[in-house]
Amino acid sequence: MPATTTEELLELHGRIRECTACPLHKTRIQAVPGYGPVTARIMAVGEGPGETEDREGKPFVGAAGQLLTRLLESAGLDRRDIYITNIIKCRPPGNRDPEAEEVEACSHFLDEQVSMLQPDVILVLGRHALSRLLPGAGGRVRRGERVYVPLYHPAAALYNATLMDTLEADMRRVREYLADAEAERSRRAAAVPIGAAADDAASTDQLALFE
Ligand code: URA
């Protein structure tokens, strides 16, 4: 479990809100750092804030967000247990795709979020999150104890029934992945000799492609 406190996570959110590292700060209403408990075992990562998110300062609160909430519920997951964020924290004007320099300037915040929460499962929502978090991968990936689960972006599924069916089916398996990741964490904790640094165990991890 992460040693990070809520205060430390909120301090990071504060730094994100004040960030002026890329031009998107000039057109945003506000930055959208992320939302959810520091104890979340599942993190969901989307592309970037849309219009509603920019206005409200929270991720996935527009139409795609409502669908995400419904999909999580139908998979037996409560959105309040999940930490939700995006690759970039400020809305690109007109919801255009994020540019490479914007992703580059913002990525360290996502890296900090991941290392603070140490989630067991990361839901990778859509192609932008996929190319940032799992470049070159197609399917599910395990890195150490963590499982990365690529999923269609809910916004894409809103307008495409075929994608919706696939997204629903994929989402239904997330609880199973969480259980697997937790079992793997327990197995590794039991295997680390007393006194050995956890980092030593992590450094032997191989990138494992499941499918
Ligand atoms: N789409 C995203 O990728 N992120 C949001 O926060 C909202 C819509």
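A few remarks follow.
- Residue that is nearest to the ligand (Cβ to nearest atom), among those in the range 42-56 that are more than 16 Å from ASP97 (Cα to Cα) and in a strand (DSSP E or B): ALA44
- Scanning the range 40-57 for residues that are surrounded by 15 or more Cβ atoms within 10 Å (Cβ to Cβ) and either more than 18 Å from GLN113 (Cα to Cα) or not small (Gly, Ala, Ser) (or both) gives ARG41, ILE42, MET43, VAL45, GLU47, PRO49, GLY50, THR52, GLU53, ASP54, ARG55, GLU56.
- Per this entry, GLU182 is not counted among residues that are among the acidic types (Asp, Glu), at pLDDT below 95 and either under 18 Å from LEU67 (Cα atoms) or touching a helix residue (DSSP H, G or I) at 6+ places or on another chain (Cβ under 6 Å) (or both).
- Cβ-Cβ distances below 9 Å connect the following pairs, each with a first residue in the range 124-145 that is closer than 21 Å to ASP180 by Cα, a second residue that is aromatic (Phe, Trp, Tyr) and assigned to a helix (DSSP H, G or I), and a separation of six or more residues or different chains: ARG140/TYR177.
- The number of residues in the range 9-38 being assigned to a loop (DSSP other than H, G, I, E, B), at negative phi and surrounded by 14 or more Cβ atoms within 10 Å (Cβ to Cβ) comes to 11.
- Test: residue in the range 75-87 that is of a type in the set (Gly, Ala, Ser), farther than 20 Å from TYR159 by Cβ and buried (at least 22 other Cβ atoms within 10 Å of the Cβ): no
- Where strands (runs of 3 or more DSSP E) fall entirely within the range 102-199, those with at least 2 residues that are within 16 Å of the ligand (Cβ to nearest atom) are at 121-125, 146-151.
- Picking from residues in the range 132-178 that are modelled with pLDDT under 95 and of a type in the set (Gly, Ala, Ser), the one that is nearest to GLY65 (Cα to Cα) is ALA161.
- Where THR69 falls short, out of the listed (1) under 23 Å from ALA169 (Cα atoms); (2) among the β-branched types (Val, Ile, Thr); (3) touching a Pro at 6+ places or on another chain (Cβ under 8 Å): (3)
- Annotation: ALA63 fulfils all but one of (1) among the hydrophobic types (A, V, I, L, M, F, W, C); (2) within 14 Å of the ligand (Cβ to nearest atom); (3) surrounded by 14 or more Cβ atoms within 10 Å (Cβ to Cβ); the unmet one is (3).
The values are calculated or read from the model by the stated rules, or taken from the named source; none is laboratory data. Please read these numbers as outputs of a predicted model, since none were measured by experiment. Cβ atoms come from the backbone with ideal geometry, glycine included; neighbour counts cover every protein chain shown.
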